[in-house]
Amino acid sequence: MKKLLECISDEVMNAFEAAGYKREAGKVTVSNRPDLCEYQCNGAMALAKEAHCAPIQIANAVAEKLQGNKVISKAEAVMPGFINMFINEDFLANYVAQMAASDRFGMEPADKKMIVVDYGGPNIAKALHVGHLRPAIIGESIKRILRYAGHEVIGDVHMGDWGKPMGLVMTEIQERQPNLPYFDENYTGEYPSEPPFTVKDLEEIYPTASAKSKEDADYNARALEATLKLQSGVRGYRALWDHIINVSVNDMKRIYKILNVDFDLWNGESTVQYLIADMVKKMKDDGYAYESDGAIVVDVKEETDTKEVPPCIILKSDGASLYNTTDLATIEERVIKYNPDQIIYITDKRQDLYFLQVFRCAKKTKLCDENVTLSHIGFGTMNGKDGKPFKTRDGGVKRLEELIGDIQAEMYKKISENKDMDDAEARNTANIVGLSALLYGDLSNQAVKDYIFDIDRFISFEGNTGPYILYTIVRIKSILEKYKAQGGNMEAAKIGNPRNASEKDLMKALTGFAQTLESASEELAPHKICAYIYELANALNSFYHETKILSEEDEQAKSEYIALIDFTKEVLETCINLLGFEAPERM
C-alpha cells in the first residue's frame with residue numbers, strides 16, 4: 001500500500017507532466033503552514049530558471065491541471081510560486097479504511113535481512129544499575145521495530161563473563177570460604193549443585209574485591225592467578241564460575257523481565273574463546289597482525305582520516321585478550337552461525353572510536369566481507385536534574401531495580417487515588433503505567449543525546465509522557481466498552497468520511513504510520529515512534545473534546561466515530577508494543 005504522501009505526489013507529478021514540466025518537481029510535503037493548507041509543493045520555484053518563466057506561472061498551470069482531482073480537493077497557486085493543497089475527504093476516509101483492513105496497517109515489508117542486535121552488555125556478578133537501562137530498552141525497541149518491518153532479528157545480551165572481574169570474585173569467595181572444594185586441587189568428587197552464595201552476596205563481593213585489589217598487591221596477584229586458572233580450564237574454578245553465571249543470569253533475567261526486555265541469546269565473552277587462538281594466528285599469517293611493544297596489533301587507520309585512529313590491539317604484551325579480541329571473535333562466530341547482513345551494537349557513545357577500530361579490523365582481516373554492515377548506535381547519558389550523570393543522594397550509582405521501584409511507587413500514589421480500584425489492581429496498574437513512564441521518558445529522546453531524568457515529568461498524565469499516551473488508550477477503551485454496553489455492534493462499525501476538522505486531522509495523523517515505521521526502522525530511531533504517537537494521541541484527544549461520540553443521535557455517525565477511534569487504539573497499541581510497554585484496562 002502506497003504511503004499517503006506518495007499518492008498525493010503521484011497526482012501532482014502527473015499534473016506537472018501534463019502542464020509540460022518535469023515530473024520530479026511534483027514532490028509534495030506536509031504543509032509547514034497548516035493555517036493555510038494541508039499539503040504543499042514548491043517544485044515550481046526550482047523549475048523557473050530552466051523553464052524561463054516566473055514560478056507563479058508554472059504553479060498556476062499545474063494547479064489548473066489538478067482541478068477535479070480525485071485525491072486533491074483543492075489546489076491553489078500562491079506567490080511567489082507555491083502550490084497549496086487540501087486532500088479529498090472521500091479519498092482520505094477510504095485510505096484510512098484500507099489501512100485498518102490491511103496487514104500491518106498498510107506498511108510494506110522491507111527487503112528481508114538477517115540482523116543481529118548486540119545490546120544490554122551487563123557484567124556478571126555485578127548488580128544492574130541505571131547505566132544498564134538505556135542499552136537494554138533502546139536495543140529491545142530497535143529489535144522489535146526491525147522485526148515488525150519484516151527482518152529476521154536475533155538479540156544477544158553479550159555479557160562480560162570472562163576477564164579479571166571473575167578472578168576478583170573467586171578470590172574474595174576463597175577469602176571468606178577457604179574450605180570450599182572448588183579451591184582444593186586434589187578434590188575429585190562432584191561439586192555441590194547449590195551455589196555457596198546468593199545474588200545479594202555477589203553484589204557485595206565484587207566491589208569489595210575490586211577495592212582490595214587496588215590497595216593490596218598480593219590480593220591483586222591472586223586475582224590474576226584465579227583468572228588464569230579459570231581461563232586455563234581448572235576444574236574447580238570452572239565449576240565455581242558456572243555457579244556465578246547461573247546466579248547472576250537468573251537475577252538479570254528477573255530484572256530484564258520487569259522491563260519487558262527479552263534476549264534470544266545469553267552469550268558472553270567466554271562463548272567465543274575457542275575461536276581466538278586460530279583467529280589471531282590467521283591474522284598473523286595473512287600479514288595483518290604484527291608485534292608492537294610486545295602487543296599484537298592491526299593497523300586500521302585510513303588516508304582519509306582527519307583524526308588519529310590508533311591500531312587495534314588484538315593481544316596485550318602478556319598474551320592476554322581484550323574486549324577487542326572477544327568482539328572480533330564474536331563477529332567471526334556470528335558470520336559463521338547466522339550469516340548476518342547487519343550487526344548492530346548499542347553502547348555508550350563514548351565507545352565510538354573503539355567500534356570504529358573493531359569494525360575496520362574485522363573488515364580488513366576478512367572476518368566479515370564488505371556486504372556485512374557493522375553499525376554502532378552510541379547513546380547519551382541519563383543525567384540528574386543537576387545535569388550530571390544520575391547518582392543516588394550519597395553519590396553512588398543507583399541500582400536499576402531501585403530506579404524501577406521508585407517510579408512505580410510514585411505512580412502508585414497517583415493510581416491509588418482511583419477509589420474504584422482495589423489495592424491489587426492499583427498496584428498492577430501502577431507497575432504498567434510506571435514502566436511506560438520510564439521507557440517513554442527515555443526512548444522519546446534521540447538516543448545519541450543526553451537527557452534529564454525527571455521523575456515528576458515522566459509520571460505526569462499530561463504532556464509528552466508515557467502515562468499520557470496510556471491515558472489516551474484507556475480513554476478509547478472506556479468509550480468502546482460503553483458503546484458495547486449500549487448495544488452497539490463493533491463488527492458493523494466502518495470508517496466514514498470526516499464530519500468535522502478534528503476528525504479529518506485524526507485521519508491525517510493515522511496516515512503517518514507507515515512513513516514513521518519505515519523511517520524508525522531504517523534510522524534505528526525509536527524516538528520517531530514516540531513523536532508519532534504523541535501527535536496521534538493529541539489528535540485523538542482533540543477529536544474527543546470537539547465531538548459528541550456516545551451521545552451522537554445519528555447512529556451512522558456514531559458507528560463511524562467508533563470505528564475510527566477503535567482503529568486509533570490499534571495503532572497506538574501496536575506502537576507502544578514496539579517501545580516495550582502495554583496499556584492497562586483502566587487508570
Hull volume in cubic angstrom per residue (convex hull over the Cα atoms of the stretch 240-349): 167
Over the stretch 196-336, what percent of the accessible surface lies on carbon and sulfur atoms, probe 1.4 Å? 50
I'd like the accessible area for LYS449, computed on protein heavy atoms only with a 1.4 Å probe and all protein chains in place. Round to 10 Å², please. 110
For LEU564 the rounded accessible area (nearest 10 Å², probe 1.4 Å, non-protein molecules ignored) is 0
Suppose a student asked you for the relative contact order of the stretch 1-151, using Cα pairs under 8 Å spaced at least 6 residues apart; what percent would you report? 17
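Roll a 1.4 angstrom probe over the protein heavy atoms and tell me the percent of accessible area of the stretch 21-138 that is carbon or sulfur. Don't skip to the answer; put the middle values down first.
Details: 2860 of 5580 Å².
Using a 1.4 Å probe with all protein chains present, the stretch 21-138 comes out at 51 percent carbon and sulfur.
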So, with +1 on the Cβ of K and R and -1 on the Cβ of D and E, and no other charges, what is the size of the charge dipole of the stretch 190-323 about its Cα centre, to the nearest 20 debye? 380
Note to self: with every protein chain in place and a 1.4 Å probe, the chain gives an accessible area per residue in Å² of 47
Have a look at ASN500, THR429, THR304 and report the one farthest towards the positive end of the charge dipole of the chain, computed about the Cα centre with Cβ charges (Lys/Arg +1, Asp/Glu -1). ASN500
Could you please state how large a percent of the accessible area of the stretch 396-439 is carbon and sulfur, counting protein chains only and using a 1.4 Å probe? 45
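Work out, in µm²/s and without decimals, the Stokes-Einstein translational diffusion coefficient of the stretch 519-586 at 20 °C, 1.002 mPa s, Rh from Kirkwood over C-alpha pairs.
158
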Enumerate by residue number the GluC sites (Glu not before Pro) in the stretch 306-347 meeting two conditions: DSSP loop (anything except H, G, I, E, B), and at most 16 other Cβ atoms within 10 Å of the site's Cβ. GLU308
Relative contact order [Cα under 8 Å, 6+ residues apart], the stretch 205-332, whole percent: 15
Straight-line reach from LYS74: which lysines fall under 18 Å, measuring Cα to Cα and dropping same-chain residues less than 8 apart? LYS27, LYS65, LYS504, LYS508
Dipole axis of the chain (+1 Lys, Arg; -1 Asp, Glu on Cβ), positive-most option in ILE533, VAL280, ASN123: ILE533
The stretch 84-130 and the stretch 161-230 have their Cα centres apart by a whole-number Å value of 46
Dipole magnitude of the stretch 299-428 about its Cα centre (Cβ charges: Lys, Arg +1; Asp, Glu -1), debye to nearest 20: 320
Cut-off under 29 Å on the C-alpha distance; same-chain residues fewer than 8 positions from LYS385 excluded. Which lysines are left, in chain and number order? LYS126, LYS257, LYS349, LYS398, LYS413, LYS414, LYS449, LYS528
Setting aside same-chain residues fewer than 8 positions from LYS419, which aspartates and glutamates have a Cα under 18 Å from its Cα? GLU410, GLU585
How much of GLU225 can a 1.4 Å solvent probe reach, expressed as accessible area in Å² and rounded to 10? 100
Please report how far the C-alpha centroid of the stretch 344-362 lies from that of the stretch 541-587, rounded to the nearest whole angstrom. 43
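The values are calculated or read from the model by the stated rules, or taken from the named source; none is laboratory data. This one's a predicted model, so the numbers in the text were calculated from it and none came from an experiment. A quick note on method: Cβ atoms are made from the backbone with ideal geometry, for glycine too, and the neighbour counts reach across all protein chains shown. Heads up: the accessible areas ignore ligands, DNA and RNA and are worked out on the full protein's heavy atoms, side chains in. Shrake-Rupley method; radii C 1.70, N 1.55, O 1.52, S 1.80 Å.
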